[in-house]
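Dropping the structure in here first, questions after.
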Amino acid sequence: MHEAIYARLIATARAGGARGTVTYGEIAPLADLDMGRPDHRARIGEILDEISAHEHDHGRPLLSAVVVHAGPDGGMPGRGFFDMAKRVGAQRTNEDDVAFFAQELTRVLGFWRGPGA
């Protein structure tokens, strides 16, 4: 697992910011990745999948919910987040992506900002 990205996602979830999110572009440099390159975008997806699968296996919410696209149309995770969530059984196949994301982000922030986190 990529420890620097894992630590950044936890720090983001614990922070007191309004949304508690970070963009793909903000975490990519932690793995020496350039989001302008398709192969690097695929790699960041693999890293985030591994982190969230680890969290799911340990009974915790999907930590990569804190990673979203930037810009005016941003604020949501990429398609790979939802594919992974369905693959591990966290999201039902027919469940609305926006509703699932909002719920999962709330779960992540509640877990990492809660007592004992």
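The values are calculated or read from the model by the stated rules, or taken from the named source; none is laboratory data. It should be emphasised that the depicted structure is a prediction, and the values quoted were computed from it without experimental measurement. FYI the Cβ positions are ideal-geometry reconstructions off the backbone, even for glycines, and counts take in every protein chain you see.
For residues in the stretch 16-27 being in contact with a helix residue (DSSP H, G or I) (Cβ under 7 Å, 6 or more places away or on another chain) and surrounded by fewer than 21 Cβ atoms within 10 Å (Cβ to Cβ), which is nearest to G80 (Cα to Cα)? It would help to see each step written out before you state the result.
To start, the set of residues in the stretch 16-27 that are in contact with a helix residue (DSSP H, G or I) (Cβ under 7 Å, 6 or more places away or on another chain) comprises 20-22, 24, 27.
With surrounded by fewer than 21 Cβ atoms within 10 Å (Cβ to Cβ) added as a condition, the list becomes 20, 22, 24.
Values: G20: 20, V22: 16, Y24: 12 Å.
Taking the candidates together, the pick is Y24.
Listed here are the residues, each with its yes/no results for (1) buried (at least 16 other Cβ atoms within 10 Å of the Cβ); (2) closer than 18 Å to A13 by Cβ; (3) at pLDDT 95 or above.
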{"residue": "D32", "(1), (2), (3)": "no, no, yes"}
{"residue": "I51", "(1), (2), (3)": "yes, yes, yes"}
{"residue": "V66", "(1), (2), (3)": "yes, yes, yes"}
{"residue": "F101", "(1), (2), (3)": "yes, yes, yes"}
{"residue": "A117", "(1), (2), (3)": "no, yes, no"}
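Applying the selection to the stretch 70-92, what residues are within 21 Å of A4 (Cβ to Cβ) and either more than 13 Å from the chain's Cα centre (by Cα) or in a loop (DSSP other than H, G, I, E, B) (or both)? Give the steps one after another, and end with the answer.
First pass over the stretch 70-92, keeping only residues within 21 Å of A4 (Cβ to Cβ): 70, 77-78, 80-81, 84.
Answer for the stretch 70-92, where residues must be within 21 Å of A4 (Cβ to Cβ) and either more than 13 Å from the chain's Cα centre (by Cα) or in a loop (DSSP other than H, G, I, E, B) (or both): A70, P77, G78.
Can I ask one more? Between I44, I27, I10, which is β-branched (V, I, T), out of contact with any strand residue (DSSP E or B) (no Cβ under 8 Å at 6 or more places or on another chain) and either farther than 18 Å from T106 by Cα or not in a helix (DSSP H, G or I) (or both)?
I44
Here's something else I'd like to know. Given the criteria farther than 21 Å from L33 by Cβ, among the acidic types (D, E) and within 14 Å of the chain's Cα centre (by Cα), does E95 qualify?
Taking the combined requirement at face value, the residue does not satisfy it.
Might you check whether a residue that is among the acidic types (D, E) and surrounded by 17 or more Cβ atoms within 10 Å (Cβ to Cβ) occurs anywhere in the stretch 91-98?
At the first step, the residues of the stretch 91-98 found to be among the acidic types (D, E) are 95-97.
With the extra rule that they be surrounded by 17 or more Cβ atoms within 10 Å (Cβ to Cβ), the set shrinks to none.
No, the stretch 91-98 has no match at all.
Among the candidates M1, M76, M84, which residue alone is closer than 27 Å to G114 by Cα and either of a type in the set (K, R) or surrounded by fewer than 12 Cβ atoms within 10 Å (Cβ to Cβ) (or both)?
Residue meeting the stated conditions: M1.
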